[in-house]
Amino acid sequence: MFNKHTLLEKLKKQHPYLLEELPETVGSDGEEVVIEDATLDQIAFAIFALETEIRPLSRRMNALRELYDIARKRGALGAHRIGDTFSNEEGRS
């Protein structure tokens with residue numbers, strides 16, 4: 001009859017925007033640990049593992065963003081090709 005909420009559910013309710021994506025488990029030494037039983041070190045290692053996965057994607061996204069910004073500064077519009085935008089002054093090989 002009574003609806004017992006888990007600690008995870010309570011945390012998400014108390015901090016809806018900050019913790020809504022909090023996982024139920026974190027990976028630690030090749031096994032999943034329930035978030036309520038995880039140590040701060042296990043949380044830190046989970047963060048590090050995610051950062052390691054995200055870093056290459058972030059670099060690629062930032063490089064594409066820089067290319068886009070440079071092309072826009074050179075006057076390129078949405079339908080312009082990147083090769084055409086940079087070939088005028090810098091030449092193509």
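Any read-out appearing in this document is the output of simple, stated calculations on the displayed coordinates, not a laboratory observation. Keep in mind the model is a prediction, meaning the values are calculated, not measured. Please note: Cβ atoms are built from the backbone with ideal geometry, for glycine as well, and neighbour counts cover all protein chains shown.
Could you pull out which residues in the range 27-48 have an amide N less than 13 Å from a spot 7 Å beyond the Cα of residue 8, following the Cα-Cβ vector? Once the point is set 7 Å along Cα→Cβ of residue 8, 27, 32-38 turn out to lie under 13 Å by backbone N, inside the range 27-48. Summarising the overall dimensions of the range 39-93 from its C-alpha atoms, the Rg and Dmax are 18.4, 57 angstrom.
Relative contact order for the chain: what is it in percent, counting Cα pairs under 8 Å that are at least 6 residues apart? Mind dumping the intermediate values first?
Numbers: 35 pairs, mean separation 12.9, N = 93.
Relative contact order comes out at 14 percent.
In terms of overall dimensions, the C-alpha atoms belonging to the chain reach 71, 32, 18 Å along their principal axes, ordered largest to smallest. All other residues whose Cβ lies under 12 angstrom from that of residue 66 are scored, Lys and Arg at +1 and Asp and Glu at -1, for a net of +4.
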